[in-house]
Amino acid sequence: MSLIIILLKFNIKKFMSDNLKNSFPYNAKTVEITEEMCDLNGHMNVLYYNQMLGFAFGNFYTIDMGFSDEYFDSGFSSFTLEDNYRYTKECLLGEKILPRYRLHNVNKKLIHIAGVLINESGDVCALYETILGHIDMNTRKTSEMDDDFLNNLLSIMKDNTKHPINMELRLKIKDLT
């Protein structure tokens with residue numbers, strides 16, 4: 001009987017792991033939690049959650065989404081308008097944590113990205129959301145994306161949202177209609 005329970009737990013973990021990979025298809029580099037990343041409570045300090053989640057999606061942002069140096073040189077960028085972090089499990093010294101992301105929604109001026117930190121056991125340790133505004137750097141205000149740029153993001157979003165996420169997201173932007 002205990003073997004059946006172990007197999008069920010393994011299959012549930014594998015399902016959760018596969019579901020997370022499908023729901024958050026972009027991943028950054030795995031990070032091992034070091035002593036200097038931990039606070040007096042013995043778990044990772046919140047500053048490092050921000051560093052791991054808010055700054056780790058480099059290639060996804062620059063290459064896939066198109067926010068390259070060339071795009072910036074053309075007069076456009078993005079500004080973070082709002083972030084939300086939800087801590088669900090401690091990240092402890094020596095654990096290896098993998099950040100994963102998805103482009104959750106986009107409209108003509110706004111981008112909603114969601115990310116998770118996953119430990120080696122496949123547990124979600126944190127959920128991260130950010131709303132980015134597409135910025136015209138000449139006016140330093142939100143501006144509509146050109147059609148090619150927007151269509152690229154819509155294509156990524158369509159692919160990223162094929163698989164639902166089984167977590168409530170708190171941030172929202174208006175759908176493109």
Checklist entry - Out of (1) of a type outside the set (Phe, Trp, Tyr); (2) closer than 13 Å to residue 115 by Cα; (3) surrounded by fewer than 18 Cβ atoms within 10 Å (Cβ to Cβ), the odd one out for residue 96 is which? => result (2)
Next on the checklist: Please go through (1) under 18 Å from residue 85 (Cβ atoms); (2) of a type in the set (A, V, I, L, M, F, W, C); (3) modelled with pLDDT under 75 for residue 10 and return the number of the only condition it doesn't satisfy.
Outcome noted: (1)
Next on the checklist: Being of a type in the set (Asp, Glu) and under 16 Å from the mean Cα position of the chain (by Cα) is the filter here; which residues of the range 55-98 pass it?
Outcome noted: 64, 82, 83
Checklist entry - Where residues in the range 30-53 are within 15 Å of residue 119 (Cβ to Cβ) and within 16 Å of the chain's Cα centre (by Cα), which of them is surrounded by the most Cβ atoms within 10 Å (Cβ to Cβ)? => result 53
Checklist entry - Going through the range 113-145 one residue at a time, which ones are out of contact with any Gly (no Cβ under 8 Å at 6 or more places or on another chain) and among the hydrophobic types (A, V, I, L, M, F, W, C)? => result 113, 114, 116, 117, 118, 124, 125, 126, 131, 132, 135, 145
Checklist entry - With respect to the numbered conditions (1) in a helix (DSSP H, G or I); (2) under 27 Å from residue 172 (Cβ atoms), which one is the sole condition not fulfilled by residue 84? => result (1)
Next on the checklist: Just to verify a result, which residue in the range 90-127, among those that are without any contact (Cβ under 8 Å) to a residue 60 or more places away in the chain and part of a loop (DSSP other than H, G, I, E, B), is nearest to residue 79 (Cα to Cα)?
Outcome noted: 109
Checklist entry - Within the range 151-166, is there a residue that is of a type in the set (Lys, Arg), surrounded by 17 or more Cβ atoms within 10 Å (Cβ to Cβ) and in contact (Cβ under 8 Å) with a residue 24 or more places away in the chain? => result no
Item to check | Residue among 130, 62, 142 that alone is among the β-branched types (Val, Ile, Thr) and touching a Lys or Arg at 6+ places or on another chain (Cβ under 9 Å) | outcome: 142
Checklist entry - Name the residues in the range 140-177 that are under 20 Å from residue 70 (Cβ atoms), assigned to a loop (DSSP other than H, G, I, E, B) and not charged (D, E, K, R), would you? => result 143, 145
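Yes or no, residue by residue, for (1) modelled with pLDDT of 95 or more; (2) under 19 Å from residue 54 (Cβ atoms); (3) within 13 Å of the chain's Cα centre (by Cα):
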{"residue": "129", "(1), (2), (3)": "yes, yes, yes"}
{"residue": "133", "(1), (2), (3)": "yes, yes, no"}
{"residue": "138", "(1), (2), (3)": "yes, no, no"}
{"residue": "142", "(1), (2), (3)": "yes, no, no"}
{"residue": "148", "(1), (2), (3)": "yes, no, no"}
{"residue": "155", "(1), (2), (3)": "yes, no, no"}
{"residue": "158", "(1), (2), (3)": "yes, no, no"}
{"residue": "166", "(1), (2), (3)": "no, no, no"}
{"residue": "170", "(1), (2), (3)": "yes, yes, no"}
Next on the checklist: I need a count of the residues in the range 59-77 that are surrounded by fewer than 19 Cβ atoms within 10 Å (Cβ to Cβ) and either part of a strand (DSSP E or B) or out of contact with any helix residue (DSSP H, G or I) (no Cβ under 9 Å at 6 or more places or on another chain) (or both).
Outcome noted: 9
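The values are calculated or read from the model by the stated rules, or taken from the named source; none is laboratory data. Every value quoted in this text rests on a predicted model; they were computed, and no experiment measured them. Note: ideal-geometry Cβ built from the backbone for every residue, glycine included; neighbour counts use all protein chains shown.
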